[in-house]
1. I'd like the full set of residues that are more than 24 Å from GLU27 (Cβ to Cβ) and among the hydroxyl-bearing types (Ser, Thr, Tyr), limited to region 43-63.
2. Of these, PHE22, PHE42, PHE56, which one is under 15 Å from the mean Cα position of the chain (by Cα) and within 11 Å of SER98 (Cβ to Cβ)?
3. Could you tell me whether PRO18 is of a type outside the set (Gly, Ala, Ser) and open to solvent by 60 Å² or more (accessible area, probe 1.4 Å)?
4. So, in region 15-29, exactly how many residues are over 28 Å from GLN84 (Cβ atoms) and of a type in the set (D, E, K, R)?
5. Does VAL29 satisfy the criteria of being closer than 17 Å to LYS74 by Cβ, free of Cβ contacts under 8 Å to residues at least 40 places away in the same chain and surrounded by 11 or more Cβ atoms within 10 Å (Cβ to Cβ)?
6. Looking at region 72-88, which of the residues that are in contact (Cβ under 8 Å) with a residue 60 or more places away in the chain and open to solvent by 10 Å² or more (accessible area, probe 1.4 Å) is nearest to ILE45 (Cα to Cα)?
7. For region 36-56, which positions are open to solvent by 40 Å² or more (accessible area, probe 1.4 Å) and either within 30 Å of ILE86 (Cα to Cα) or touching an Asp or Glu at 6+ places or on another chain (Cβ under 8 Å) (or both)?
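The values are calculated or read from the model by the stated rules, or taken from the named source; none is laboratory data. Just so it is clear, the structure is predicted and the values come from calculations on it, not from any experiment. Please note: Cβ atoms are built from the backbone with ideal geometry, for glycine as well, and neighbour counts cover all protein chains shown. Accessible surface is based on the protein model in full, side chains and every heavy atom, while ligands, DNA and RNA are left aside. Shrake-Rupley method; radii C 1.70, N 1.55, O 1.52, S 1.80 Å.
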Amino acid sequence: MITVTEFYSAFGIDGEIPDGDFIVIDEQVRVMAKQNEVTLIFDSIHGTPQDLKRLFEVSRTLGEVVPFTTKSGKLAMKILCEEQTIQTTAVVQQVDLSMTLMLAS
């Protein structure tokens, strides 16, 4: 489980974010946090076969991550969180690592 307000605060967002809304990081990645998952949508990645392969490789290295594509064809992933323990700091680190690995050219 993550503390949603603490998660967003780690990315410089203070205050409440309406449930279901995304924040945009560096105009490249949309992020939405819930207590049991974080969704990342990589708007700046075009979805070439190499990008898709990298998405699956990054997902595999992070643990409980589900890679997917959106209806519009954007690459995305969901980082799943255990409900029994607070994992906010670990999930923030996973999001940072995901963005670093996915956005590296």
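1. First, pick out the residues of region 43-63 that are more than 24 Å from GLU27 (Cβ to Cβ): 49, 53, 56-57, 60-61, 63.
Within region 43-63, THR61 is the sole residue that qualifies.
2. Numbers: PHE22 fails: within 11 Å of SER98 (Cβ to Cβ); PHE56 fails: within 11 Å of SER98 (Cβ to Cβ).
From the options PHE22, PHE42, PHE56, the qualifying one is PHE42.
3. On the way: of a type outside the set (Gly, Ala, Ser): yes; open to solvent by 60 Å² or more (accessible area, probe 1.4 Å): yes.
Yes; evaluated as a whole, the condition is true for this residue.
4. Total meeting the criteria: 2.
5. On the way: closer than 17 Å to LYS74 by Cβ: yes; free of Cβ contacts under 8 Å to residues at least 40 places away in the same chain: no; surrounded by 11 or more Cβ atoms within 10 Å (Cβ to Cβ): yes.
The answer is no for VAL29.
6. Looking only at region 72-88, we keep the residues that are in contact (Cβ under 8 Å) with a residue 60 or more places away in the chain, and these are 81-88.
The next check asks that each one be open to solvent by 10 Å² or more (accessible area, probe 1.4 Å); those that pass are 81-87.
Values: CYS81: 25, GLU82: 29, GLU83: 31, GLN84: 34, THR85: 33, ILE86: 31, GLN87: 28 Å.
By that ranking, first place goes to CYS81.
7. Correct list: ASN36, ASP43, SER44, ARG54, PHE56.
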